[in-house]
């Protein structure tokens, strides 16, 4: 049987690691740990995340939000070998701020730029338009990759329901903006004073439609949308070419996808579905991290656990308290064993599904929270 | 303090994977077993409630789960369609504009329509009377005494609760504004609506719960009824420390399953202690009831476990 590649080898052979997985499996923590491990091996590493919950900041022991690239001080955990050259930066992406940067970059003039930045619909769309987080993550990824400042970028993907959202959402978002603008709301040159002055509509049907629509949203709303769209139309070509650059980058051999999965039975179907969709999309998973595995009980794998406590633990005639204690300890043991056996089955199933191609590591559940560099370091031996 | 079941609407909110659906199911069942008619409104289209009760899918129209307990599965697209068809008066018009695969997401993104209509649908459900009358001022007994909303995961859930105010801010006048104000007033109403936060007894979810409570109270003016800490590790019996020491010494010598059982219990005890610290932390920082749900051993969850959990809610009155 072919040996699996070690995870650090997979990571060191690539420029970008995309960490993906279903929600709540610990992607952010694992991303931070992978980047930390690479930094300690001497790499210039960056971990990039979009996480409204400040989780990365937390794992790295930094208070507050990271909106900019923030260097992480590694001296505290590398006392034995302070001469190593590697370093770690962290960045928590602020999606709205990245949108603003994109608007600034692709606007053809200051007037357009300001018209967009101050538009109420832009401010709203920048936060809520489907796919905007994913687009902005890619935009940032390309920016830092092209800067050449890093040997390794670990990208923690936004939580998505669909495995390929991360790859597909950006171009879908641009298509939506583009087609929506072209087909329905063609802005006229110049000023946008009122809704109908700002929009050329094809056909009487659509004019009637907009009058109706206006009646229900209010005239202000439509003119605001028209203004936003009109100004925004100019940006789209630039955005689209960036999006296709990133897609090409992500499909290149500089990039490896690492999947973080939970060993819980409830999560198995979701992980399998996630994996299927990735394969359909032509994305090969190069590494698998099974996260928060329950620590092995003694005698793991022995199926011959006696049913009754009395066979393993001595009962005592007339000592009710002792016997109650023994029963309870035994019940706890049975329950924990049942859970662990269920997890072992899930892990076997995942091994079957992924085969021996990808690197494979199992990270045990920690009894203490990972809330600073020291505790994050405790994960590193398990990611070898 | 007002009883949990005196609300018209309870919004169950928490991060992904903490057990929101199970908690929503338990609250619904608690209401039903207390003699009220309850409706569980699922906002993620997953039909979890129907699965728990081994029932056929309830769909957007809703359906029964058990005595006095119904469920409905609110999909964002269904809610947008229902609202717009009603607002625009003509289905053909809706089909023309919103069935377009580019227009729909664009309008949704720019106006936040899907979040607004999803929570708006909850208001619709609140308006229904048994007589068939419908509206904010309709009279007669309610079709459902309590509506339990199984909200999307925290970030998206908060966006949904923010949607009515956000729409009011951008429209300022007109029918859409009026409608948004009705929804906002309902979810901010102290008499009618509260949020139940769900968390696991782990550091990060607890921290997020505290943050969410602050946002709800300070930014959204939505009250928090309490917190349910789900999947608490089991508590030990009242053994005397001397007996426990004796058992540990005894099993250290024998090894085997006896030793493993004691070691496992020790580990569960440590998990329990850590969980209890977090519950205390919540109690100190939030002046609301904190209720514990035990870790369950059966998967998938069925009506029996739900009943077991719902009985815990009796303590919360």
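Of note:
- Of the beta bridges in chain B, as assigned by DSSP with both residues counted there, near 15 percent are antiparallel.
- Chain B: angle of helix B:76-88 to the longest principal axis, Cα-based, in degrees nearest 10: 20 degrees
- Ordered by the count of other Cβ atoms within 10 Å of each Cβ, fewest first, B:6, B:245 give B:245, B:6.
- Anisotropy class of the protein assembly as shown from Cα gyration tensor, a/c 1.5 cut: oblate
- Compared with the dominant Cα axis of chain B, that is its longest principal axis, helix B:256-285 is turned about 50°.
- Principal-axis tilt of helix B:113-127 within chain B, Cα atoms, nearest 10 degrees: 90 degrees
- Restricting the calculation to Cα atoms, chain B shows an Rg/Rh of 1.06 when the hydrodynamic-style radius is the Kirkwood one.
- Inter-part distance where segment B:213-290 and segment A:314-384 are each reduced to a Cα centre, Å: 16 Å
- With neighbour counts taken as other beta-carbon atoms within 10 Å, the residues B:118, A:241, B:34 rank, fewest first, as A:241, B:34, B:118.
- A full extension of the chain between residue A:109 and residue A:248 corresponds to an added length of 47.1 nm, given 0.36 nm per residue minus the alpha carbon distance.
- Computed per residue of chain B from DSSP H runs no shorter than four, each worth -39500 (n - 2.57), the mean residue ellipticity at 222 nm is -16000 deg cm²/dmol.
- Bridge type composition, the protein assembly as shown - antiparallel percent by DSSP, nearest 5: 15 percent
- Ranked list, fewest to most other Cβ atoms within 10 Å of each Cβ, for B:30, B:57, A:14: B:57, A:14, B:30
Only the coordinates and a few stated rules stand behind these numbers; no lab work does. This one's a predicted model, so the numbers in the text were calculated from it and none came from an experiment. Positions of Cβ are generated from backbone atoms using ideal geometry, with glycine treated the same way; all protein chains shown enter the neighbour counts.
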